[in-house]
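The structure under discussion appears below in the form of structure tokens.
The values are calculated or read from the model by the stated rules, or taken from the named source; none is laboratory data. Everything numeric here is computed off the predicted structure, so don't read it as measured data. Cβ placement follows ideal geometry from the backbone for every residue including glycine, while neighbour counts extend to all protein chains displayed. Just so you know, the surface numbers come from the protein's heavy atoms only, side chains and all, with ligands and any DNA or RNA stripped out. Shrake-Rupley method; radii C 1.70, N 1.55, O 1.52, S 1.80 Å.
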Amino acid sequence: MKISKKDVEYVAKLAKLKLSEKEKEKFTKQLDQILKYVDKLNELDTEKVKPTSHVLPLKNVFREDKVGKSLEVEKVLENAPEKARGFFKVPKIID
Amino acid sequence: MKLNELTAHEIRELIRKGEVSSEEVTKSVFERIEKVEKKINSFVTLTKEEALREARSVDEKIRKKKKISPLAGVPIAIKDNMCIDGVLTTCSSKILENFRSPYDATVIKRLKANDLVFIGKTNMDEFAMGSSTENSAFEITHNPWDLEAIPGGSSGGSAATIASDEAILALGSDTGGSIRQPASLCGVVGLKPTYGRVSRYGLIAFASSLDQIGPITKDVRDSALLMNVISGYDERDSTSCNYPVPDYTESLISDVKGVKIGVPKEYFVKGMDEEVEKSVKDAIGLLEKLGAKVEEVFLPHTEYALATYCLIVSTEASTDLAYYDGVGYGYRAQSRNLDEMYQNTREKGFGDEVKRRIMLGTYVFSHYDYYLKAQKVRTLVKEDFDKVFEKCDCLITPTSPTPAFKIGEKMDDPLRMYFPDIFTVPANLAGIPGISIPCGFTKKGLPVGLQILAKPFAEETILRVAYSYEQNTGWHRRRPAICDSQ
């Protein structure tokens, strides 16, 4: 096995995903399968190959630092699950 | 022939001559939707009233002899991962079930400026993750050619709506084949432009270095017309290219004399359907007869593309989907504290495939060697293409190794679910453009698609070859006999 249930629990924590016991077992098995498959890439010698993170020869794009038009607060808050006084409202952060 | 069965360029002529109004066309589209949508399920949201209002306002402009754009008044369906101001944009996910976008995506702005008529949002695999549209949180879309088969994915709703004449034009998005593969399986035309050709601003991100928006249409001319509207630089998308946009309709020349076509040996593999192989080889034979120069070429890293894609797409997805935390918009699960809220929201809001990719991507990110290796092999895949495009104008391959499979057939095997994408993912890794056009049917009556690939920003070559093939065959004119009989 390339991955254990403990790894899956750790990764789920990082990804902020709560998983059921059944899901943990299923993902352990499936991620193991996928990781075994992608091991195929190790057949290739890539020591001298440069990585591609982006296909276009783009450089950083700069623009003038001026104030533009933003979305209206009211309109944005229409989608908020909870709001108060023009802000998003969330449950308490510290117990 | 009914209005909803026409292409956009046919409708354009009728509207221009004053023979039909946009309202009549829009009504005929909704009549069709009322008749067949229960069997197909292409849409997750319909916007009939807004559409009719918009159509009447276009008609008013025409009556007043105002200048209108070539596609004015033509009804279009939009994949549900593109934001339209005030309209539900769900990505077919529970986590965005009630999300009404407060702004327009750049493509939508461009379509609005050209007076196209929005008829609704189409079903897709949740967050575009899948090849069958079965991963939608809301409904299963059926292939108009066989209601028990999948339409392909992830833009399955957009492809099905075009194949069943429920819309005149549609937009899809393509991260690993999500425009081309459903177009192939539904017997329509789907074009994935070069990465950077069309702005991604307002397209809900799945994997940012691979995603690209493109047209799904009934024929190649419609594809060129829609490309004219959606292409171009956008300062709101830092990866969009400031590169001149040609008039794509000028490449619609039915002549392939002297065009150098490469046929990559690696795209005819074991396990592919024999009828698909034969249709594609016949198509290549026809193009050769029409004067193209055909040559076998090699893309030696093709067999590594899928594993590379699998790692890169999951890693990018895990970051792109970190937005969904239940704070500012979308679904929120009730919880006692903030951290629990994040976890519960994401547990209940995301479906199985989305969770699997987030898990894989997060794992890969924390084991950096995997990711680096994938990025390096991505370079090799791209270099394969660079090399063949030194001597070829374009490549021809099958779009998908098999025709549409049955609903439910592959749901439980995550690796097998990637198989339909083997011929489409390399183009996304390399950022090159590709089209899928109909090139025949299996004995059971399922459509087969042909893929044409070219170097970056060579959409014109693709359109010319696709148009020449289409004009000399006519597969694109066949329509499924849905609905009246089934």
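Could you list, in sequence order, all residues of segment A:73-92 that are part of a loop (DSSP other than H, G, I, E, B) and within 8 Å of another protein chain (Cβ to nearest Cβ)?
Taking segment A:73-92 and keeping what is part of a loop (DSSP other than H, G, I, E, B), we get A:78-82, A:85-86, A:89-92.
Result: A:78, A:79, A:80, A:81, A:82, A:90, A:91, A:92.
Can you tell which of B:25, B:74 is open to solvent by less than 60 Å² (accessible area, probe 1.4 Å) and within 21 Å of the chain's Cα centre (by Cα)?
Values: B:25 fails: within 21 Å of the chain's Cα centre (by Cα).
Sole residue among the options that is open to solvent by less than 60 Å² (accessible area, probe 1.4 Å) and within 21 Å of the chain's Cα centre (by Cα): B:74.
Within segment B:319-328, can one find any residue that is in a helix (DSSP H, G or I), surrounded by fewer than 19 Cβ atoms within 10 Å (Cβ to Cβ) and at the interface with chain A (Cβ under 9 Å from one of its Cβ atoms)?
Checking segment B:319-328: at least one residue is in a helix (DSSP H, G or I), surrounded by fewer than 19 Cβ atoms within 10 Å (Cβ to Cβ) and at the interface with chain A (Cβ under 9 Å from one of its Cβ atoms).
Strands (runs of 3 or more DSSP E) wholly in segment B:374-471 with at least 1 residues that are more than 28 Å from residue B:142 (Cβ to Cβ) - which ones? Even if it seems obvious, please write down each step before you answer.
Details: elements: B:394-398, B:434-441, B:447-453.
Strands (runs of 3 or more DSSP E) meeting the threshold: B:394-398, B:447-453.
Out of all the residues in segment B:284-298, is one or more on the phi < 0 side of the Ramachandran plot, outside any loop (DSSP other than H, G, I, E, B), within 14 Å of another protein chain (Cβ to nearest Cβ) and not basic (Lys, Arg)? Before the answer, list the steps.
The initial filter retains those residues of segment B:284-298 that are on the phi < 0 side of the Ramachandran plot, namely B:284-290, B:292-298.
Within this subset, residues satisfying the condition of being outside any loop (DSSP other than H, G, I, E, B) are B:284-289, B:293-297.
Okay, now just the ones that are also within 14 Å of another protein chain (Cβ to nearest Cβ), so none.
No, every residue in segment B:284-298 fails to be on the phi < 0 side of the Ramachandran plot, outside any loop (DSSP other than H, G, I, E, B), within 14 Å of another protein chain (Cβ to nearest Cβ) and not basic (Lys, Arg).
Among (1) more than 7 Å from chain B (Cβ to nearest Cβ); (2) within 22 Å of the chain's Cα centre (by Cα); (3) open to solvent by 70 Å² or more (accessible area, probe 1.4 Å); (4) closer than 17 Å to residue B:356 by Cβ, there is one condition residue A:22 misses while meeting the rest; what is its number?
With respect to (1) more than 7 Å from chain B (Cβ to nearest Cβ); (2) within 22 Å of the chain's Cα centre (by Cα); (3) open to solvent by 70 Å² or more (accessible area, probe 1.4 Å); (4) closer than 17 Å to residue B:356 by Cβ, residue A:22 is out only on (2).
In segment B:246-283, which residue that is among the small types (Gly, Ala, Ser) and farther than 23 Å from residue B:404 by Cβ is farthest from the other protein chains (Cβ to nearest Cβ)? Reasoning before the result, please.
Quick first cut of segment B:246-283, residues among the small types (Gly, Ala, Ser) only: B:251, B:254, B:258, B:262, B:271, B:279, B:283.
In the following step, the residues that additionally are farther than 23 Å from residue B:404 by Cβ were identified as B:251, B:254, B:258, B:262.
Working: B:251: 22, B:254: 31, B:258: 29, B:262: 20 Å.
That would be B:254.
For residue B:217, state whether it is hydroxyl-bearing (Ser, Thr, Tyr), crowded, with 21+ Cβ neighbours inside 10 Å, within 20 Å of residue B:431 (Cβ to Cβ) and modelled with pLDDT of 95 or more. So that I can check it myself, show each step before the final result.
On the way: hydroxyl-bearing (Ser, Thr, Tyr): yes; crowded, with 21+ Cβ neighbours inside 10 Å: yes; within 20 Å of residue B:431 (Cβ to Cβ): no; modelled with pLDDT of 95 or more: yes.
No, not satisfied.
Looking at segment B:245-267, which of the residues that are assigned to a loop (DSSP other than H, G, I, E, B) and more than 23 Å from the chain's Cα centre (by Cα) is surrounded by the most Cβ atoms within 10 Å (Cβ to Cβ)? Steps first, please.
Step one: of segment B:245-267, the residues assigned to a loop (DSSP other than H, G, I, E, B) are B:245-247, B:252-259.
From what's left, more than 23 Å from the chain's Cα centre (by Cα): B:253-259.
Numbers: B:253: 13, B:254: 12, B:255: 14, B:256: 24, B:257: 9, B:258: 9, B:259: 19.
Per the stated criteria, the residue is B:256.
Going through segment B:343-369 one residue at a time, which ones are touching a Lys or Arg at 6+ places or on another chain (Cβ under 6 Å) and either more than 9 Å from chain A (Cβ to nearest Cβ) or at pLDDT below 95 (or both)?
Passing the criteria: only B:349.
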